[in-house]
Amino acid sequence: MQTRREMLARSATVAGLLAAAGFLPSSALAAWPQAAFDAKTLADAVKALGGSAPVESKDVSITGPDIAENGAVVPVGCATTLPGVKRLLLLVEKNPNVLAAVFNVTDAIEPNLNTRTKMGQSSNVFAVAMMGDGKVLFASKEIKVTLGGCGG
Amino acid sequence: MKTRTLIGVAALALCAGAQAQKSTADGIAEYRKMLEDGNPAELFEAKGEALWSQKRGPKNASLERCDLGLGPGVVKGAFVTLPRWFADTQKVQDLESRLVSCMATLQGFDAAEIVKTPFGRGEMANVTALATWIAAESRGMRFNLPQSHAQERITYEVGKRAFFYRGGTHDFSCASCHGDEGKRIRLQELPNLTRNPGDGIGFAAWPAYRVSNGQMWSMQLRLNDCFRQQRFPYPGFGSEVTIALATYMGVNAKGAESIAPAIKR
Amino acid sequence: MNHARLLLSTVATMALLAACATSPSPAELDARATTAIKSSFRDQGIAKTDRLNQDLGQAACSSDKAPDDGTADRIMAEALYTVKWPAGGQFLGDWRAGEKLAQDGRGMTWTDSSADPNANGGNCYNCHQIDNREISYGTIGPSLWNYGKNRGVTDPAAPATAPIVQYTWVKLWNAKAYSACSNMPRFGHKNLLNEQQLRDIMALLLDPKSPVNQ
Amino acid sequence: MADPMRIRAQAAGDKTTVRVLMSHEMETGQRKDSAGKVIPAWFIQEVTATHNGKTVLTADWGPSISKNPFLQFVVKGAKAGDKIAITWVDNKGDKRTDEATVS
C-alpha cells in the first residue's frame, strides 16, 4: 500500500516534471513549503518554515467558534497586535497534517486574516506569528466539532 | 436534613445540565452567525445570473423570455409565488421544473435528458445555479403562492397527503420529523412544516449552500435527500409528489420572508 | 309527483357533479394522492418501490388524525404478536457495541449497498439523548439518560427486573406494540437490527455499568 | 475552467475590508470514492492579493482549507475606485484571477 507521504512525494515529482516541461507556473509550486504542510506538530511545521521554538503570547489571537456544527467548514482567524510580523500561520492540532495556511503579511495589510478550515475532530487550533526579529509567538483555542444530521 | 441536601444536589445537577445545553445552543448560534458573512451560495448566484442571459442550447437562445409566472422575463418576485399553475404546460410547476420547460422551449434542450441528469452534473448543475440566482432576486420578499386555480388547490391537498404518507423500512413520513414544534435531529432544529414555521425557516430558506458537503442544494435536492433519509425509493426530479410537497409547504409558509439562498449545516 | 321527484334528483345530481368539478371530495383527493405517490418514485439500489406499499399500521398512521381506538388496538395487538424473544433468554449484550450502534445513523437508504442488519446503525442519537456526554442528540423521542438507573435496575438478571427488561426488548423489536403510531422504527420486526445488535443496545440502556446509568 | 470568484471590497475610513469566495473543490487526497479508490488531492496552493497592481498579501494553503474557500483581510490606505485583484493557483497548475473595485 502506498502511504500518503509517498503519494505526495510522487505527485511532487510529477509536478516537477510538468513544471520543467513548461506546463506549470513553476514559481508558484516551487515556493509552496511542502515540508511544513507535511508536518504533524506545531513545532515541526514552524521549524520547516525556518522558525524557532514557538512561545505562547497574549499579543497573538486566534478566533473561532467554541463549537462547530460541522467540521467541514470552521471559521478561524489569526491576528497580532505587534508590529513587524512577517508570517501568520493557522494550524489544527489533530488534523493529519497540522498546517492549514501560511499568510505572508506585508505592511500594506492589517495583520489580521480570516478563513475557514476543515477539522476532522474536536481539537486545539493555533495562530502563529513569525516576527521579523526571529521570535515565533502563538495562541491557541479549543474548538469542539459536533456530529450533526441524520448521520447517513 | 439529609433529604434537603439531596434535593439541593439534584437541583444543582439539573441547573448544570440546563446550562451546558444552553451554551451548546449559543455556541452553534455563534458558529452559524460567523458563516453568514461569505455564503458560498454567492458563487452559484453569480453563475446563475450569467446563465440566464447567455445564449445557449441547440437554439442558441437565452432564458430572458422565460415566464416564471409573472410574465416573460420577470424574475424579481417570481420565486415567492412558486409552485403555481402554468397554462402553457397545463401543469403546476415549481421553479426547477419550470426552468427545465423554459430550457426546452426557448433553448431547445431535451427536457427528459435534463431530468435524468444527477444533481450537480451537466445541465442539472445549471438548473440549480439558475434557481439559486432566481431565489436570490426575491430575497426579503414574502411567500404568497396563488391558490386560485383548481389544480393549485388539488396539488396542495395531494401534497398534504404525501406529507403524512408513512412507508419504507423505518415507517417514516415527512411528518415524522416535521410535524411538531421544537424537535431536533441531533442538533438540527426541525421546523414544523404543517404550518407557517416563520421567516426564513423551512421552505423559505432553500436553495441553500450545504456546509457539510460544499454543495448547492435546490429544493428538489432537499426533498430528494429527505426521501433518502426516510428510506423511501427515489423520487423523480419534478415528479408530482415533489411539486405537491413544495406547494403544501409553500402555501403553509404564506407571509414568511424568504432568505434563500441560505447557508446550512 | 313522479316527475317532480325525478326533476329534483336530476338537479341534485347535477349539483353534485358541479361540486365535483370545482372541488374534489376527500376520497377523490386520497385516490389522486395515491396515484401521485405510486407514479413519482422509482427503484434505486436497495430502495425499491415496494417500500411504498403500506401495512395496516402505516396506512392508519398516514394523516394528521390518529386512527380510531379499534384500529389502534388492532395495530398494537398485531405488533405485540410479532415480537421474538432473544435466544436463551439472553437480553443483554455489550454496552460498548450498543453505544457504537446508537451513534451510527446509517442503513437502508438507496446509497447503502447492503440491507443486512450488520450494515445498519441504530440511529438512536438522532432522536434520543442517551449518554449525556454526547451533546449532539435529537429530541423526537424522550431522553434515555439513566434509563436503567431511573427504573431501579441494579441486576438486569434479577427476576424483579424482568418486566422492564422485557418491556424494553418489545419497544426495540416493535415499538408499535405500545403506541400504534409511534415514530420509532420497528428494529427487530423489520430486520433493521439483528438479535445481537438489539442485545447490545439493551445493555447500553440497562447495564448498570453502562455510562448511561452512571 | 474554474468559475469566477466573488470579491467584495468595502472602504471604511482609510481601511478596506476585502472578502473573497473562491470556487474550488479543495480535495484533501485522503478521501475515497464509493468504489474505495482514493480521490486525488486537488487544492489551491497559493493565493496572491494586489492593490492597484502592488502585491499586498501572498498565502500558501494546504488541503485542509474548506471547499469553496473564504478569505478576509483588511488593506490599509485603499479607497473607493481602487482595484483589488486576487489570483489563485492550485496543485494541478490551474489558475484564476479576478478583480474588484473598492466601493
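The values are calculated or read from the model by the stated rules, or taken from the named source; none is laboratory data. Treat the numbers as computed from the prediction; the structure is a model and nothing was measured. Don't worry about glycine lacking a Cβ; one is built from the backbone with ideal geometry, like all the others, and counts go over all protein chains shown. With ligands, DNA and RNA removed, areas are computed over all heavy atoms of the protein, side chains included. Shrake-Rupley method; radii C 1.70, N 1.55, O 1.52, S 1.80 Å.
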Of the criteria (1) more than 14 Å from chain B (Cβ to nearest Cβ); (2) surrounded by 18 or more Cβ atoms within 10 Å (Cβ to Cβ), which one A:ILE62 fails:
(1)
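Does D:PRO69 satisfy being touching an Asp or Glu at 6+ places or on another chain (Cβ under 6 Å) and within 14 Å of chain B (Cβ to nearest Cβ)? Show your work before the answer.
Working: touching an Asp or Glu at 6+ places or on another chain (Cβ under 6 Å): no; within 14 Å of chain B (Cβ to nearest Cβ): yes.
Judged against the criteria, D:PRO69 is not a match.
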Among the residues of region C:136-166, what is the count of those that are open to solvent by 20 Å² or more (accessible area, probe 1.4 Å) and part of a helix (DSSP H, G or I)?
8
Would you tally the residues in region D:45-88 being open to solvent by 10 Å² or more (accessible area, probe 1.4 Å), farther than 14 Å from A:ALA101 by Cα and in a strand (DSSP E or B)?
9
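Condition check ((1) without any contact (Cβ under 8 Å) to a residue 24 or more places away in the chain; (2) under 20 Å from C:SER40 (Cβ atoms)) across all residues:
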{"position": "B:GLN107", "(1), (2)": "no, no"}
{"position": "B:ALA112", "(1), (2)": "yes, yes"}
{"position": "B:PHE119", "(1), (2)": "no, yes"}
{"position": "B:GLU123", "(1), (2)": "yes, no"}
{"position": "B:ASN126", "(1), (2)": "no, no"}
{"position": "B:ALA129", "(1), (2)": "no, no"}
{"position": "B:TRP133", "(1), (2)": "no, no"}
{"position": "B:ALA136", "(1), (2)": "no, no"}
{"position": "B:MET141", "(1), (2)": "no, no"}
Could you say whether any residue in region C:186-196 is surrounded by fewer than 23 Cβ atoms within 10 Å (Cβ to Cβ), without any contact (Cβ under 8 Å) to a residue 12 or more places away in the chain, touching a helix residue (DSSP H, G or I) at 6+ places or on another chain (Cβ under 9 Å) and within 14 Å of chain B (Cβ to nearest Cβ)?
no
Would you be able to say whether some residue in region B:206-227 is part of a helix (DSSP H, G or I), open to solvent by less than 10 Å² (accessible area, probe 1.4 Å), out of contact with any Lys or Arg (no Cβ under 9 Å at 6 or more places or on another chain) and not acidic (Asp, Glu)?
yes
Across region B:94-143, what is the number of residues that are closer than 20 Å to B:ALA244 by Cβ and of a type in the set (Asp, Glu)?
2
Residue that is nearest to the other protein chains (Cβ to nearest Cβ), among those in region D:89-103 that are within 11 Å of the chain's Cα centre (by Cα) and buried (at least 21 other Cβ atoms within 10 Å of the Cβ)
D:VAL89
B:ALA175 meets each of (1) assigned to a loop (DSSP other than H, G, I, E, B); (2) without any contact (Cβ under 8 Å) to a residue 40 or more places away in the chain; (3) under 22 Å from C:ASP55 (Cβ atoms) with one exception, condition (1)
State the number of residues belonging to region B:90-107 that are farther than 18 Å from B:LEU145 by Cα, open to solvent by 20 Å² or more (accessible area, probe 1.4 Å) and either in contact with a helix residue (DSSP H, G or I) (Cβ under 6 Å, 6 or more places away or on another chain) or not in a loop (DSSP other than H, G, I, E, B) (or both).
3
Is one or more of the residues making up region C:34-43 within 22 Å of B:SER239 (Cα to Cα), at pLDDT 95 or above and aliphatic (A, V, I, L, M)?
yes
Within region B:20-56, considering residues that are within 14 Å of chain A (Cβ to nearest Cβ) and outside any helix (DSSP H, G or I), the one surrounded by the fewest Cβ atoms within 10 Å (Cβ to Cβ)
B:ASP37
Output the residue which, of all residues in region D:1-29 that are closer than 24 Å to B:MET216 by Cβ, more than 9 Å from chain B (Cβ to nearest Cβ) and outside any strand (DSSP E or B), is nearest to the chain's Cα centre (by Cα).
D:HIS24
Complete set of residues in region B:165-183 that are facing chain C (nearest Cβ under 8 Å), under 18 Å from the mean Cα position of the chain (by Cα) and either open to solvent by 40 Å² or more (accessible area, probe 1.4 Å) or not small (Gly, Ala, Ser) (or both)
B:CYS177
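Considering each residue of region A:124-138, count those that are more than 16 Å from A:LEU49 (Cβ to Cβ) and surrounded by fewer than 21 Cβ atoms within 10 Å (Cβ to Cβ), and give that number. Steps first, answer last, please.
Of region A:124-138, the ones more than 16 Å from A:LEU49 (Cβ to Cβ) are A:124-125.
Imposing the further condition that a residue be surrounded by fewer than 21 Cβ atoms within 10 Å (Cβ to Cβ) reduces the set to A:124.
Looking only at that region, the number is 1.
For C:ARG133, state whether it is free of Cβ contacts under 8 Å to residues at least 60 places away in the same chain, within 14 Å of chain A (Cβ to nearest Cβ) and basic (Lys, Arg). Walk me through it before giving the result.
Working: free of Cβ contacts under 8 Å to residues at least 60 places away in the same chain: no; within 14 Å of chain A (Cβ to nearest Cβ): yes; basic (Lys, Arg): yes.
Criteria not met by C:ARG133.
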Give me the residue from region A:68-122 that is farther than 25 Å from D:VAL74 by Cα and among the acidic types (Asp, Glu) and, out of that set, most open to solvent (accessible area, probe 1.4 Å).
A:GLU93
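Consider B:PRO83 carefully, then state whether it is of a type outside the set (A, V, I, L, M), within 18 Å of the chain's Cα centre (by Cα) and open to solvent by less than 10 Å² (accessible area, probe 1.4 Å).
Numbers: of a type outside the set (A, V, I, L, M): yes; within 18 Å of the chain's Cα centre (by Cα): yes; open to solvent by less than 10 Å² (accessible area, probe 1.4 Å): yes.
Against the criterion (of a type outside the set (A, V, I, L, M), within 18 Å of the chain's Cα centre (by Cα) and open to solvent by less than 10 Å² (accessible area, probe 1.4 Å)), B:PRO83 qualifies.
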Hits in region C:50-98 - residues which are part of a helix (DSSP H, G or I) and within 12 Å of chain B (Cβ to nearest Cβ)
C:ASP50, C:ARG51, C:LEU52, C:LEU56, C:GLY57, C:GLN58, C:ALA59, C:ALA60, C:ILE75, C:ALA79
Looking at region D:52-60, can you tell me whether even one residue there is more than 7 Å from every other protein chain (Cβ to nearest Cβ), aliphatic (A, V, I, L, M) and within 27 Å of A:LEU91 (Cα to Cα)?
no
Taking the stated definitions as given, is A:THR41 farther than 25 Å from B:GLY38 by Cβ and among the hydroxyl-bearing types (Ser, Thr, Tyr)?
yes
Condition set under 20 Å from the mean Cα position of the chain (by Cα) and open to solvent by less than 30 Å² (accessible area, probe 1.4 Å), scope region B:147-164, selection farthest from the other protein chains (Cβ to nearest Cβ): answer is B:GLU152
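How many of the residues in region A:77-104 are within 17 Å of A:THR63 (Cβ to Cβ) and facing chain D (nearest Cβ under 7 Å)?
Restricting attention to region A:77-104, the residues satisfying the condition of being within 17 Å of A:THR63 (Cβ to Cβ) are A:77-82, A:85, A:88-93, A:100-101, A:103.
Restricting the remaining residues to those that are facing chain D (nearest Cβ under 7 Å) gives A:92, A:100-101, A:103.
Residues that pass the stated criteria total 4.
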Criterion (in contact with a helix residue (DSSP H, G or I) (Cβ under 8 Å, 6 or more places away or on another chain) and either modelled with pLDDT of 90 or more or facing another protein chain (nearest Cβ under 8 Å) (or both)) met by exactly one of A:ALA20, A:ALA45
A:ALA45
